[in-house]
Amino acid sequence: MNSILIGIPSVFSYAIASFFIIKELINRSEQHRLSVRAAWLGATLHAAYLMLIFQQHEGFNFSFFNTAALVAFFIVLLLLFAAIDKPVEKLGIALFPLAAIMLGLDMIFPEKTHRMTTHNWQMGFHILSSIVAFSLLNIAAIQAALLAIQDQQLRSHHPKRLILALPPLQAMETLLFQMIGTGLFFLSASLISGFIFIEDLFAQHLVHKTVLSISAWIIFSGLLLGRLRYGWRGDTAIRWTLTGFILLLLAYFGSKLVLELILKKI
């Protein structure tokens, strides 16, 4: 079966979910189940697309766009699970279009297959914990950006409808730190498993990823410690969250972007 026949409906489902969120914001309605259902349909089709790619390549293709599509799927999936008991579905206004774009780019620009050289449960655990950590901290970064906009507009006394639809500022901060704490747990698992299972994390092709990931871990750990000991919040929390995520983004995708798409060396 052609993977595009599954991928295109997934992209449209994400677009419909985004449309429903925008409609809810304009009409100030609370019927968010429509957007969530459309997003679940998109995620289900997204998963089927990735499984079909896995079968076609006899293993996962770790090329740039295919990896980005996999990470986007995990981001959406984690957001949808979080939305079951937390008011975070409005974050989909940024994350659902992102998933649609990553999936669309993977279909438009099929790349040379990049398979793993080592297939074992240890490497699988390391990769899975890395992806979950990145996905959770990506959601936290989007939430931090919205928190910054929310804080600025509330101070100016001219809040927009998106901001009015978000949970109260204090609830947003609580959710932010919950996401960071969970993401840090998986990032710690990723780093520990990397040191245990990968022969040399400081080899030439891995050193930048290792250093940037450790730097991000230090920043997120410092933020949580500052929250516990000194009550850090607001602008401090936002700056630390975005800085840590940028480091993690560079660690996970920076070299891949340069080598595969710019230098064409892989």
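The values are calculated or read from the model by the stated rules, or taken from the named source; none is laboratory data. Since we're looking at a predicted model, the values are computed, not measured. Ideal geometry is used to build each Cβ from the backbone, glycine not excepted, and the neighbour counts take in all protein chains shown. SASA here: full protein model, heavy atoms, side chains in, ligands and nucleic acids out. Shrake-Rupley method; radii C 1.70, N 1.55, O 1.52, S 1.80 Å.
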Using a Förster distance of 22 angstrom, determine the FRET efficiency expected from the C-beta separation of PHE19 and LEU169, and round it to 0.05.
0.20
For VAL11, what accessible surface area do you get with a 1.4 Å probe? Give it in Å², rounded to 10.
40 Å²
As an exercise, use a Förster radius of 51 Å and the Cβ-Cβ distance of ASN120 and TYR230 to find the FRET efficiency, rounded to the nearest 0.05.
0.75
